[in-house]
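Computed from the coordinates by the stated procedures, all read-outs in this text should not be read as laboratory data. Keep in mind that this is a model prediction, so the values were computed, not measured. Every residue, glycine as well, gets a Cβ built from its backbone with ideal geometry; the counts of neighbours run over all protein chains shown.
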């Protein structure tokens, strides 16, 4: 019984969303244009569950380049209306369009001079009649077995809000990099904003030696830096090689005098490198493709400025 009912609720909401898609018309375009031209903020308000949906819509708009806040209708008539200016656009959400607290806002908003968008299930309601634009989010059937709790109706409201946000993303030319800017702590933010120079090892944690340096001293430098390799440069400071744990293991048996050899004799020449201005995500792809654990970081003159280890990428959550 429970599984059948669950499936029925989802099918009901899916049908109502399909019907909603068929009602996207010129009013929707007007609402998008109004929001795109808004010089203030988009303020989303509603009571009860409609208000909760409004909070999500406002959050989605803000994170996709349209400054927006959520304002509870009851709080609005008890002082929060002071946040609203004539440059704002108000989205008023109400299933019936006759919710007292939300309806009471209309004459006040008209006095302020801001634009209004009604998102309602009743296009003949007071809310619809006195708003500048009306979006029809009506449903024929709720998923609730009692027909009382808003289910399909709140889903329709939410979907309509998502549709507005999606269209604004396109209209405003909002890009992935812009989204990352507003989500710097998220995975996408790290991928699109974090550069190699932000996480590379440098200073005392970055061993750099001349090609004439004996292997013994190179090993001491690596140990002191608590690193797995050292970058090797020529007399001009240009990178010519890298000495790694792998190089040490490969030569330790075949060269009895390894520790006294110049590092240029046993280093890996012309190593894979990455520029300091590259994205950390590009460095990760490089390490995976070349199947290496560390890569020298160079500037435009091919001089080493740091070292990037696979562990550094792990620490910032790119792995």
Reciprocal of mean inverse Cα separation for the stretch 2-174 (Kirkwood radius, Å): 16.1 Å
Quarter of Cα convex hull surface for the stretch 196-315, i.e. mean projection, nm²: 7.0 nm²
Expected 222 nm ellipticity per residue - DSSP helices of 4 or more, -39500 (n - 2.57), all of the chain, to 500: -13000 deg cm²/dmol
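For the peptides 148-154, 17-23, what is the packing order when you average, over each peptide's residues, the other Cβ atoms within 10 Å and list the highest mean first? Intermediate results must be reported in sequence, preceding the final value.
Details: 148-154: 19.0, 17-23: 13.3.
Top to bottom by mean Cβ count within 10 Å: 148-154, 17-23.
Antiparallel versus total DSSP beta bridges in the chain: what percent is that, nearest 5? Show your work: numbers first, answer last.
Values: 15 of 40 bridges.
The answer is about 40 percent antiparallel.
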Counting only DSSP beta bridges with both residues in the stretch 196-315, what percent are antiparallel, rounded to the nearest 5? 75 percent
Based solely on C-alpha atoms, express the radius of gyration and the Dmax of the stretch 73-229 in angstrom. 28.4, 87
Using only Cα atoms and rounding to the nearest 10 degrees, what angle (0 to 90) does helix 26-36 make with the longest principal axis of the chain? 50 degrees
Compare 69, 252, 222 in a GNM of the chain, Cα atoms joined below 10 Å, and give the one with the largest fluctuation. 252
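Can you give the FRET efficiency for residue 289 and residue 56, using 1/(1 + (r/R0)^6), R0 = 45 Å, r = Cβ-Cβ distance, to the nearest 0.05?
Numbers: r = 40 Å, r/R0 = 0.88.
Efficiency at R0 = 45 Å is approximately 0.70.
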Find how many whole Å separate the alpha carbon centroid of the stretch 194-256 from the alpha carbon centroid of the stretch 11-58. 58 Å
Going by Cα centres, the stretch 264-285 and the stretch 108-174 are how many Å apart? 53 Å
